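The values are calculated or read from the model by the stated rules, or taken from the named source; none is laboratory data. As the structure is a computational prediction, the values presented were derived from the model and not from experiment. As a convention, Cβ positions derive from the backbone with ideal geometry for all residues, glycine included, and neighbour counts pool all protein chains shown. Calculation scope for accessible area: heavy atoms of the full protein, side chains included, ligands and nucleic acids excluded. Shrake-Rupley method; radii C 1.70, N 1.55, O 1.52, S 1.80 Å.
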Amino acid sequence: MKTVESALETLSTVDSYVDVDVFELASEATGALAELGSTLHEAAPFPAMEATEASGDGSVGALLQSRYGTESDREGADVGSSDRVEVRDGREVIPLGVDGATRGNWAPAFRVLREFVEELLVRAGTVVRRVRTLEDLDARRVCRSVRRMLASVRDVLAWSVAGARFVGRRADNGADAPITFASWASDTLTGGNDA
């Protein structure tokens, strides 16, 4: 997501596209978004995400906000000795586990990521409007692709959270066949294996 942010920042703030390779920057962004899509696909199905704030969500969310939030949010976050945060190579990492304490990291991670994607969508819209003046049709197309891919990521994040909560409530309430229902709901919400 930082690659996408950097590309959109450059494309939306430069005075002129004369010395900027618009196609290259936008292609890097689409490549990063495709990689994120593959990662989300590999990680699915996502664990249940409770609607209520779980213990520790505040510190995990604060750390994520410090990395991906608006400039005013990007101050250091104190996670203390949270068992939901790991240190790898001297950097704090938010693991997304399928069980244990790290299972609770999915909801704050998806919430912060979705907010970040919303911000990037605004920038992508600005870029799409600006590149209309370019003669290079491929550059204009790839910039529109960045915006469409960001919108798809936003939708997948929203649907995944809503779907996981819905399935979790049904499974917790004694549905007759929770596994069959979960599979059906996942395919319905995500379109099966089609991204």
Take the residues in the stretch 9-33 that are open to solvent by 50 Å² or more (accessible area, probe 1.4 Å) and outside any helix (DSSP H, G or I); name whichever of them is nearest to Asp138 (Cα to Cα).
Asp21
Identity of the residue in the stretch 1-36, of a type in the set (Ser, Thr, Tyr) and within 14 Å of the chain's Cα centre (by Cα), that ends up farthest from Leu64 (Cα to Cα):
Thr30
Per-region count, the stretch 59-87, residues open to solvent by less than 60 Å² (accessible area, probe 1.4 Å), modelled with pLDDT of 75 or more and either out of contact with any Gly (no Cβ under 7 Å at 6 or more places or on another chain) or under 14 Å from Asn105 (Cβ atoms) (or both):
10
Selected residue (criterion: modelled with the lowest pLDDT) from residues of the stretch 39-58 that are part of a helix (DSSP H, G or I) and of a type in the set (D, E, K, R):
Asp57
Let me spell it out: the conditions are (1) modelled with pLDDT under 85; (2) assigned to a helix (DSSP H, G or I), and Arg114 meets all of them except one. Which number is the exception?
(1)
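Before we move on, is Leu11 among the aliphatic types (A, V, I, L, M), modelled with pLDDT of 90 or more and touching a Phe, Trp or Tyr at 6+ places or on another chain (Cβ under 9 Å)?
Numbers: among the aliphatic types (A, V, I, L, M): yes; modelled with pLDDT of 90 or more: yes; touching a Phe, Trp or Tyr at 6+ places or on another chain (Cβ under 9 Å): yes.
Criteria met by Leu11.
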In the set Asp172, Asp138, Asp194, the lone residue that is modelled with pLDDT of 80 or more, surrounded by fewer than 19 Cβ atoms within 10 Å (Cβ to Cβ) and not hydrophobic (A, V, I, L, M, F, W, C) is Asp138
Confirm whether Arg148 is open to solvent by 30 Å² or more (accessible area, probe 1.4 Å) and more than 23 Å from Leu96 (Cα to Cα).
yes
